[in-house]
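K.L.:
One structure follows; several queries about it will come next.
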Amino acid sequence: MSSPPTPHPHDGRPREPLPTPSLHHRRRAEIRDLYAKHFENRRKERQLISTAAFFTTFAAVRTITHAIRAERGPFRNITPGGRHIHHMTFGIAGLLSVGYLWLLEIGTNEQRGASRVTAAVYGSGAALTLDEFALWLNLEDDYWTSQGRESIDAVVLFGSMLSLSVLGKSFLKELVHRRDRAS
């Protein structure tokens, strides 16, 4: 159903009516509005982004380390001058960088883009570091031993804490409610 053309306010020529948005576009707009409602606060949005980056990075780094061990794909250990560089080194560098930026209040109360980027780097840095928690706890490269399980435990514990902080109960509840209503 479309309405008849209306005159353009500037030149008086008829203007074609805007097409009715598709169901897909309406749903996307509804989710975008719901996201804006529940994550308008930058602190809550940083919690969400850092949690997503944490779990995504952890899954990616575990996949890559398994591929390196199995000698599959393009991945190799980083060994400049014969010294193995563990991925927690990059995690620590990321955490230190974000910590310094947040001390300067960059990414905490300024532009939303800086807030999102620093939150993602924080989550990724935490995942890279905690994935090798057993190494820095035991001071041994025990990634593939039974003691390496301590890293998984640390990731689960910290990941749970991040998840609890972001699980805006009201956001999830409303998202499910709207989905059920649309069905």
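The values are calculated or read from the model by the stated rules, or taken from the named source; none is laboratory data. These figures come from a predicted structure and were not determined experimentally. Cβ: placed from backbone, ideal geometry, glycine included. Neighbour counts: every protein chain shown.
K.L.:
Only one of Gly107, Gly125 is within 30 Å of Lys37 (Cβ to Cβ) and not in a helix (DSSP H, G or I); which?
P.N.:
On the way: Gly125 fails: not in a helix (DSSP H, G or I).
Answer to the selection: Gly107.
K.L.:
Pick from Ala127, Ala120: which is buried (at least 17 other Cβ atoms within 10 Å of the Cβ) and either of a type in the set (Val, Ile, Thr) or under 25 Å from Arg83 (Cβ atoms) (or both)?
P.N.:
On the way: Ala120 fails: either of a type in the set (Val, Ile, Thr) or under 25 Å from Arg83 (Cβ atoms) (or both).
Only one candidate passes the filter, namely Ala127.
K.L.:
Sticking with this structure for a sec: Across the stretch 71-88, what is the total count of residues that are of a type outside the set (Lys, Arg) and closer than 23 Å to Leu130 by Cβ?
P.N.:
Looking only at the stretch 71-88, we keep the residues that are of a type outside the set (Lys, Arg), and these are 71, 73-75, 77-82, 84-88.
Narrowing the set further to residues that are closer than 23 Å to Leu130 by Cβ leaves 75, 77-79, 84-88.
Within the stretch 71-88, residues that are of a type outside the set (Lys, Arg) and closer than 23 Å to Leu130 by Cβ number 9.
K.L.:
Separate question: Tally up the residues in the stretch 130-154 that are surrounded by fewer than 22 Cβ atoms within 10 Å (Cβ to Cβ) and within 30 Å of His38 (Cβ to Cβ), please.
P.N.:
First pass over the stretch 130-154, keeping only residues surrounded by fewer than 22 Cβ atoms within 10 Å (Cβ to Cβ): 133, 135-150, 152-154.
Narrowing further to those that are within 30 Å of His38 (Cβ to Cβ): 154.
The total comes to 1.
K.L.:
Of all residues being among the β-branched types (Val, Ile, Thr) and within 20 Å of the chain's Cα centre (by Cα) in the stretch 51-88, which is farthest from Leu157 (Cα to Cα)? Just the residue, please. Working first, answer last.
P.N.:
Looking only at the stretch 51-88, we keep the residues that are among the β-branched types (Val, Ile, Thr), and these are 51, 56-57, 61, 63-65, 68, 78-79, 85.
Restricting the remaining residues to those that are within 20 Å of the chain's Cα centre (by Cα) gives 51, 56-57, 61, 63-64.
Details: Thr51: 13, Thr56: 16, Thr57: 16, Val61: 18, Thr63: 20, Ile64: 22 Å.
Of everything passing the filter in the stretch 51-88, Ile64 is farthest from Leu157 (Cα to Cα).
K.L.:
With the condition kept exactly as written, say whether any residue in the stretch 112-122 is closer than 15 Å to Val61 by Cβ and of a type in the set (Ser, Thr, Tyr).
P.N.:
From the stretch 112-122, those closer than 15 Å to Val61 by Cβ are 120-121; that's our starting set.
Within this subset, residues satisfying the condition of being of a type in the set (Ser, Thr, Tyr) are none.
Among the residues of the stretch 112-122, not one is closer than 15 Å to Val61 by Cβ and of a type in the set (Ser, Thr, Tyr), which makes the answer no.
K.L.:
List every residue pair whose Cβ atoms sit under 9 Å apart, with the two residues 6 or more apart in sequence or on different chains, where the first one lies in the stretch 143-156 and is in a helix (DSSP H, G or I) and the second, anywhere, is of a type in the set (A, V, I, L, M, F, W, C) and surrounded by fewer than 14 Cβ atoms within 10 Å (Cβ to Cβ).
P.N.:
Short answer, once both residue conditions are applied: Gln147/Leu137; Glu150/Leu137; Ser151/Leu137; Ala154/Leu137.
K.L.:
A further question on this structure: Looking at Arg28, Arg46, Arg32, Arg62, which one is charged (D, E, K, R), at pLDDT 85 or above and closer than 25 Å to His86 by Cβ?
P.N.:
Arg62
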